[in-house]
Each structure stands twice: as C-alpha cells, then as structure tokens.
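**Q** Before we start, here is the structure in question, set down as structure tokens.
The values are calculated or read from the model by the stated rules, or taken from the named source; none is laboratory data. These numbers were taken from a predicted model, which means no experiment stands behind them. Every residue, glycine among them, receives a Cβ derived from its backbone with ideal geometry; neighbour counts consider all protein chains shown.
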Amino acid sequence: MNPSTKPKLAVWKFASCDGCQLSILDCEDELLAIADRIEIANFPEASRQVMDGPYDLSLVEGSVTTEHDRKRLLEVRKQSRFLVTIGACATAGGIQALRNFSDVKEFTSVVYARPEYISTLETSTPISDHIPVDFELRGCPINKEQLLEVIQAFLIGRKPNIAPHSVCVECKLSGKVCVMVAEGTPCLGPVTHAGCGALCPGYARGCYGCFGPMNSAQPKSLAQQWKRLGKSDAEIFRVFHTFNANAEPFRSMEKADAD
Amino acid sequence: MKETLYSLDIGDFERLLTVIQSHFELYGPTVRDSAVVYEKVETTRDLPQGWVDDQAPGRYRLEKTDSPLFFGHVVGPQSWKKYLFPAREQLWSVKKESAQVKRSANPQKPMAFLGVRSCELAAIEVQDKVFSHGTQPDAFYHRRRNDLFIVAVNCTTSSRNCFCTSMNSGPKCNGNFDLALTEVLDGAIHRIVVEVKSKRAQDLIAPLHLKTPSPAEIAAAQHAVEENAKTMARSFSTEGLKESLQNSPDHPRWNKIAERCLDCANCTMVCPTCFCSSTVDTTDLTGDNAERWRQWDSCFNLEFSYIHGGEIRKSTASRYRQWLTHKLANWWDQFGTSGCVGCGRCISWCPVGIDLTEEATAIQEGQE
C-alpha cells in the first residue's frame, strides 16, 4: 500500500500513566500488520518522527486536569476525523479523579514544597466531558485485544464488537465458577463493564472494577450483598472509589453508603 | 424396548466408563474451583466421589465427606448446554478474494454425558424443541444431539433450591436416555443399579457381562429416589401461573425486584434452557478475512433489545419481567412446555439470591 493513502494514526496523552498507549506497543505479533495498514503519524512513545495533522484516527489517553490540557484537547479534536478515548483516565477521569471528592488546595499544600507553582483544575474529568468522542474504550489498563478490535473496526468502517454488559457474562462464557456464590468472596463483577475476560475471578479473586460500571450497573444492591458477606460501609465505599470513582453510578455510592 | 436392570460394583463402573470412551468423548461431573463442573472425564477418579453441595439462594458450598457416592452432589453452575449449544461458536467465514462463504465444520467426536439428572434431561428436551424441532433446525446442535449418548443419574438427594417435583421433571429420570444409574448404599456396600433404555446401550454394555441386581437392590434404588421426591424442601405451585403472569405486566412487584436485581445476567447464563444468543461479525487487520460467530446473550443485557432508535426494554424491571414471564408463561405458547425445569440454578447462582419461585408466587398471589 502506498504510504500516502494509509489512514493516519495519532496517539495523545493527557493526565495518565502511559500504560494504555503502551498497549499498542504490546501488540507485538500484530504491530507489523498495524503498521502495514496505518501510518503511525504521531506517537511519541513509539517514534520521534511526527507528521502533521489532520489525523484519521486519534487515540486519546488520560483525563483533563489542567486548563492547558483542556485547550490542547480542543485542538486535538479539530485535528481528528475519528477520536477514540482509551482507558479509565480518559473515559472516567481515572484514579486522579479522587480529587473530585476532596479539597485540591489542601492536597497541594501537603504534597508540594511550593504549592503556588501548581496550576491545576479542581477536578479530573473524562475527555467526553469536554469534546465529542466517537468511541470510549474502557479499562485500567485497556485490553490489548479490544484495542485491536477497535482498530480493525475503524479500518473496515464497522461498529467495534465491545460488549457493554457485566463481567459475570464473561465468567459464564468462559466456564469460570462464580467466586461470590461458591466462596463468598465479594466481587464487583456484577456491576462492572466486561472487557478483561474476567481476569481476577479466573484467579479466585473478586473483580476490582477496572473497567468501570457496566451499562446498567446496580451497585446499591450489590453493596447490600457485600454487607451480608461481612464488608463494612467504609470498605464498600473504598472499592467503588478507585480508577473509575468519577463514573456514575459508582460516583453516587459516596453519599448512599459512606456514612 | 423392555426395561433391563443391572447391578455394578466400582470395578464394573470403571469398565463401563472405558467401554463408553471407546465410542464417545466422555463428559461428566468433576470438582474444579470450589464447584462441581462438567468437563472431560476418563476414570471414576475424575468424578466428585464424596463431595456434597450445600445450596441456598445466592450460595453454593462444596464439602468433602467420607461418602463413597459418586453422585451425592446435585446440579452445579454449569449445564449440558455448554456442549450442545456452546457459549461461543463460529458459524462461517469468508475470504475477500474468493467471496465464498465457508460454513464452519466444527468437527467433533460423538459425545457421551455422564451424570445427567432428570431436570437436565428435561432441559435438553426443552432445548431440542428450540433448536432441533421446527422448520429450521440448527444444524450444529442437531448433529451433536443426534450423536449424543446419555448416562443419566437418578437423584437420591436434593438441594434446598431444587424443585423438580413441582415442575414434574424428577427426581426419577423418565426422558430419553441410554442408561440411568441409581447409587445404592447398604452399610459399606456401594452398588450402582443401571437401567438400560436403548438398544445401542444394550449392545454397548453386552461385553461387560453385568450382574442382575437382587430384588433388595432394586427396591433400595427405587426407595432412595422416592424418598428424595417426598422430602424435597422447595415446592412451587404453577397452577394458574401462566395466566397470572401474562395478566400482570404492571404489577408493582416488578419494580420491587428491580431494586435487588443486578442485571448481571447470571440467571440466564446458568439456566439450562435459556437459549438466547447474538451473532458477532469479526474482521482482521488485513480486512481480507471475516468470520461470523454466535455467542450466548441474555435478555438481562440492556443492549440485547437494541434496535434502530434504542433499546426496547430499558428498565431492569422490564427485563426481569421479560425473563420470568417468558420462562414460566409465554414459553407454553411458544414451545408447548414450561421453560423452567426446577433445577434451582438461577436461585443459587444469583449473586444476591433472588428466588424465582418466591417472585413468581408473589406475582401470582398479588403480593407487593
């Protein structure tokens, strides 16, 4: 294929740990096939060579935590024909969205020797709070197979096959035994968005909710069952307030069950 | 054919498994990850000998005992639909260059199921109506089902969530099977009484030269199953249920259930008769190869009722109502049978322990 006719890919980083964009490089077996089909035009983690926009496909990692990033994001949207957010930071605000439930000024005064140098927003918010997004790929980190699926779907012009239902469905499709029913292990699977392939229940652990709330999550009912399994209100508050704390309905668990 | 009975000791049972495996891929119960699941088995050592399960709504616990019984447990999280109607199956593939659709072959050695309970026989018959009967039988299901050899087991114990007697599906196996086993324990003497139902089963076991059971063994086997039926803890009245469910779409109970229901779809995944699936088309990076897959889906998944313009059943209450009303009422109109066989899996494996019999009874009795 003539390089000039290949769709151009750009990868953008906002407030994040880089783990999700590194999933692209983690596609070792498929990387050559990807490079064969797509011009990797702007991906600083992979290459110093940066081509100018506009770009056909932008993958956006990270959340918006500064005014500078908010403005930069508007520019990214202008330069992108198709924009996909990748990972819990970009889709929900990430672990750094815990600031949304606290006093950022107090944090900065404790953490930094010269807090006046810090210029930050009061909140960490998902990309879709600021610009229209074409698709959101969940996970902390994202699943490499799902990323490939999104790229394949983009190339062929179809909707990605990314199921929005519970992790429980993944457990059952793969024949895993429910750790909550068979062992009494508290698990977030029933309220968590599928995508990881039910990784933790496969190792006899409860789900940690890395992919955030599924499309019809009922966390209040699940929290009642966690209480019956011996978890305290404080522990329950904590499990809903990790990587996807800012995503509804996990976010609302604050008032209902924290006291 | 005329019912023929034999009596097996453990050595005979082992030889029976061997002779079955000379013709079939044998699947049966085995212990994995704190549950009795169905997997490939080779010898009696793979079976859950001595394991018993304690079940309650939202709860399943496995415990090892000194009992010599191989089938002292009841049904676990999986059902035989995982083999007859696999969770994921490729239907066809196509290459861009030839543009020829290649139907997937999915070759498989004929299967034998060991330890099929009466409720599971009933469930297989329900899925037969869905997949095998009618004008468009499912070729994959049909072939696997036609080749299937069934070694059933009469339950001599039941869990607190079992209610086969209410659904007229057990505990004695009456459906289509090849062999049916009943374990009999008389002090330290452990024997298995075998009922032979099919000609091919008779031919298969002929070389084993099995013993005829004593009248006492036959009576003990019969008694054990009858006692189990008499002492089954859970009962469920289905009289007038179809009409009352079909006439109660606005019952306030639906909203009450929705406060507890997680929408997680576990009940439908573990149900041995639930048959809903979705088709998924995949393409690879080159764009030259496409495949169509079928995989289990559920009426509890919001996106399952998605059509142009949005989802039809948006609320949890509407999805629970769809499931329960279809299972216990509309199924009669569609397939001439109930969709529930009384196995209790949906009660045990609901993470919050929602009890189908309790909810249906509440609707029927007009409780809120």
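**Q** Could you list, in sequence order, all residues of the range B:219-272 that are charged (D, E, K, R) and within 14 Å of chain A (Cβ to nearest Cβ)?
**A** Scanning the range B:219-272 gives B:Lys256, B:Glu259, B:Arg260, B:Asp263.
**Q** Can I ask one more? Scan the range B:96-116 residue by residue and report those that are at pLDDT 95 or above and surrounded by fewer than 23 Cβ atoms within 10 Å (Cβ to Cβ).
**A** Once the filter is applied, which keeps residues that are at pLDDT 95 or above and surrounded by fewer than 23 Cβ atoms within 10 Å (Cβ to Cβ), the range B:96-116 yields B:Pro110, B:Met111.
**Q** Right, another one. Kindly list the number of the only condition in (1) at pLDDT 95 or above; (2) on the phi > 0 side of the Ramachandran plot; (3) surrounded by fewer than 16 Cβ atoms within 10 Å (Cβ to Cβ) that fails for A:Gly195.
**A** (3)
**Q** A:Glu75 passes all but one of (1) surrounded by 15 or more Cβ atoms within 10 Å (Cβ to Cβ); (2) more than 12 Å from the chain's Cα centre (by Cα); (3) within 15 Å of A:Lys13 (Cα to Cα); which number fails?
**A** Tallying (1) surrounded by 15 or more Cβ atoms within 10 Å (Cβ to Cβ); (2) more than 12 Å from the chain's Cα centre (by Cα); (3) within 15 Å of A:Lys13 (Cα to Cα), A:Glu75 fails exactly one: (1).
**Q** Regarding the range B:163-172, can at least one residue be identified that is at pLDDT 95 or above, over 26 Å from B:Met111 (Cβ atoms) and crowded, with 23+ Cβ neighbours inside 10 Å?
**A** For the range B:163-172, residues at pLDDT 95 or above, over 26 Å from B:Met111 (Cβ atoms) and crowded, with 23+ Cβ neighbours inside 10 Å: present.
**Q** Wholly within the range B:201-291, which helices (runs of 4 or more DSSP H) include no fewer than the required count, namely at least 3 residues that are crowded, with 17+ Cβ neighbours inside 10 Å and aliphatic (A, V, I, L, M)?
**A** Those helices (runs of 4 or more DSSP H) span B:215-231.
**Q** Then there's this: Does B:Arg321 satisfy the criteria of being within 14 Å of chain A (Cβ to nearest Cβ) and basic (Lys, Arg)?
**A** Judged against the criteria, B:Arg321 is not a match.
Here's the yes/no breakdown for (1) more than 14 Å from every other protein chain (Cβ to nearest Cβ); (2) charged (D, E, K, R); (3) surrounded by 22 or more Cβ atoms within 10 Å (Cβ to Cβ):
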{"residue": "A:Pro213", "(1), (2), (3)": "no, no, yes"}
{"residue": "A:Gln224", "(1), (2), (3)": "no, no, no"}
{"residue": "A:Lys227", "(1), (2), (3)": "no, yes, no"}
{"residue": "A:Ala234", "(1), (2), (3)": "yes, no, no"}
{"residue": "A:His241", "(1), (2), (3)": "yes, no, no"}
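**Q** If we keep just the residues of the range B:1-23 that are touching an Asp or Glu at 6+ places or on another chain (Cβ under 8 Å) and outside any strand (DSSP E or B), which is modelled with the lowest pLDDT?
**A** Here the answer is B:Glu3.
**Q** Using beta carbons and a limit of 8 Å, which pairs, at least six apart or on different chains, have the first residue in the range A:170-185 and at the interface with another protein chain (Cβ under 7 Å from one of its Cβ atoms) and the second one among the basic types (Lys, Arg) and assigned to a helix (DSSP H, G or I)?
**A** Hits for this filter: A:Gly175/B:Lys82.
**Q** It is to be established whether one or more residues within the range B:300-308 are free of Cβ contacts under 8 Å to residues at least 60 places away in the same chain, in contact with a helix residue (DSSP H, G or I) (Cβ under 8 Å, 6 or more places away or on another chain), in a loop (DSSP other than H, G, I, E, B) and of a type in the set (Phe, Trp, Tyr).
**A** Scanning the range B:300-308, I find at least one residue that is free of Cβ contacts under 8 Å to residues at least 60 places away in the same chain, in contact with a helix residue (DSSP H, G or I) (Cβ under 8 Å, 6 or more places away or on another chain), in a loop (DSSP other than H, G, I, E, B) and of a type in the set (Phe, Trp, Tyr), so the answer is yes.
**Q** Shifting gears a bit: Pick out the one residue from A:Gly62, A:Gly53 that is at pLDDT 95 or above and out of contact with any Pro (no Cβ under 9 Å at 6 or more places or on another chain).
**A** A:Gly62
**Q** Sticking with this one: Conditions first: (1) modelled with pLDDT under 95; (2) more than 7 Å from chain A (Cβ to nearest Cβ). B:Phe275 passes all but one, so which condition is the exception?
**A** It fails just one condition, (1).
**Q** May I pose another question? In the range B:57-71, which residues are among the small types (Gly, Ala, Ser) and either more than 22 Å from B:Arg234 (Cβ to Cβ) or more than 10 Å from chain A (Cβ to nearest Cβ) (or both)?
**A** Answer for the range B:57-71, where residues must be among the small types (Gly, Ala, Ser) and either more than 22 Å from B:Arg234 (Cβ to Cβ) or more than 10 Å from chain A (Cβ to nearest Cβ) (or both): just B:Ser67.
**Q** Restricting to the range B:82-105, give me the number of residues that are under 27 Å from B:Thr18 (Cβ atoms) and in contact with a helix residue (DSSP H, G or I) (Cβ under 6 Å, 6 or more places away or on another chain).
**A** Matching residues across the range B:82-105 total 1.
**Q** Only one of B:Gly342, B:Gly336 is within 17 Å of the chain's Cα centre (by Cα) and away from chain A (no Cβ under 14 Å). Can you tell me which?
**A** Going through B:Gly342, B:Gly336 in turn, the sole match is B:Gly342.
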